[in-house]
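Below is one structure, written out as structure tokens; the observations come after it.
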């Protein structure tokens, strides 16, 4: 039955992916192809839509695949599947963490994990920067779009540092993007 | 008081619904939103907490966005807090994709959407960098910390090594070095 399969597949995906952003993509792709659920060209479309809609990419992908294969209920099964491992594990870890966070072992690990997080987010920023400034690949040919992106980035960074609300920043970015698109 | 708890849960739900609705381009984009809403606006957690939460969210399986939401929810209001935050953060995605995006198969090719996203991506980059800066201020300083950050950055950005491996190694390095430091102090 497709609903159970959706749930179990996405539960597996959720339980075995570490890291943020698109870390789930290879696993989702492998499972979707293995189950013959979606053709490759269509799958590329799924990715594009999931990147262009609000919400975490992983959730968007799960919901999309679930809807395609089993309508609303299919979407629920897939989304529930991908969320459940996180939910259960984090609840367990959070309880444990509150109890043991002042222990030497936990503190020791944290002293390594905290700087690691900075590095990982930095890496995520680099990958986002690639799509912002060099969507067609890195080269010296700069398009007007490059300058627009640079301008938006710079201005938004200033606003962000001045504690303007991220939602406002995103709305302004979208508006400027649309304006630039039609004017250039 | 029951009223207080219920209103907190409702607030968690609505806040994370907002966060979910404005997270574009992957889980990391959620971090600046969590910072503004959970730390600055609602004071549910502190800036120090955020770094720990992200560290744990990275070290556990599942999308970092869900892990973070569940953790913040739990810290704020226990199990039901975790439930409301997680449900809230997932709902916008769910509604938009299952009801709308499917109808528009080429949604992302609609010109105005394309242009909007060109802008949004640049804005998200700025937000992530700002979040990075805020968190950097809260990391332990010292040469080892810098090296761990640099190492994690290089391997995550320029190699195909699994994030989990990077995390395990960094945690191990942290653990070992803290033991060494402690022994040195004892001598």
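The values are calculated or read from the model by the stated rules, or taken from the named source; none is laboratory data. Being a predicted model, the structure only gives us computed values, none of them experimental. Cβ coordinates were reconstructed from backbone atoms using ideal geometry, including for glycine residues, and neighbour counts include every protein chain displayed.
Within the bounds of the range A:82-98, is there any residue that is part of a helix (DSSP H, G or I) and modelled with pLDDT under 90? Yes, the range A:82-98 contains a residue that is part of a helix (DSSP H, G or I) and modelled with pLDDT under 90.
Of the residues screened, residue A:101 is not one that is modelled with pLDDT of 90 or more and more than 18 Å from residue B:123 (Cα to Cα). Take residue B:92 and tell me if it is modelled with pLDDT of 90 or more, facing chain A (nearest Cβ under 9 Å), in contact with a helix residue (DSSP H, G or I) (Cβ under 7 Å, 6 or more places away or on another chain) and under 24 Å from residue B:156 (Cα atoms). No; evaluated as a whole, the condition is false for this residue.
If a residue must be more than 9 Å from chain A (Cβ to nearest Cβ), within 12 Å of the chain's Cα centre (by Cα) and either under 18 Å from residue A:113 (Cβ atoms) or surrounded by fewer than 20 Cβ atoms within 10 Å (Cβ to Cβ) (or both), how many such residues does the range B:28-46 contain? Adding up the residues that qualify gives 1.
Answer yes or no as to whether residue B:73 is more than 7 Å from chain A (Cβ to nearest Cβ), at positive phi and in a helix (DSSP H, G or I). Taking the combined requirement at face value, the residue does not satisfy it.
Of all residues in the range B:148-161, those satisfying the criterion of being surrounded by 15 or more Cβ atoms within 10 Å (Cβ to Cβ) and either facing another protein chain (nearest Cβ under 7 Å) or under 22 Å from residue B:180 (Cα atoms) (or both) are B:148, B:149, B:151, B:152, B:153, B:156, B:157. For the range A:163-184, filtered to residues that are outside any helix (DSSP H, G or I) and at pLDDT 90 or above, the residue that is farthest from the other protein chains (Cβ to nearest Cβ) is A:164.
From the list B:60, B:76, B:70, the one residue that fits, being within 22 Å of residue A:95 (Cα to Cα) and surrounded by 24 or more Cβ atoms within 10 Å (Cβ to Cβ), is B:70. Restricting attention to the range A:33-59, and to residues there that are part of a helix (DSSP H, G or I) and within 17 Å of residue A:11 (Cβ to Cβ), which single residue is farthest from the other protein chains (Cβ to nearest Cβ)? The residue in question is A:34. Every listed requirement among (1) in contact with a helix residue (DSSP H, G or I) (Cβ under 7 Å, 6 or more places away or on another chain); (2) closer than 29 Å to residue B:40 by Cβ is met by residue B:175 save one, (2).
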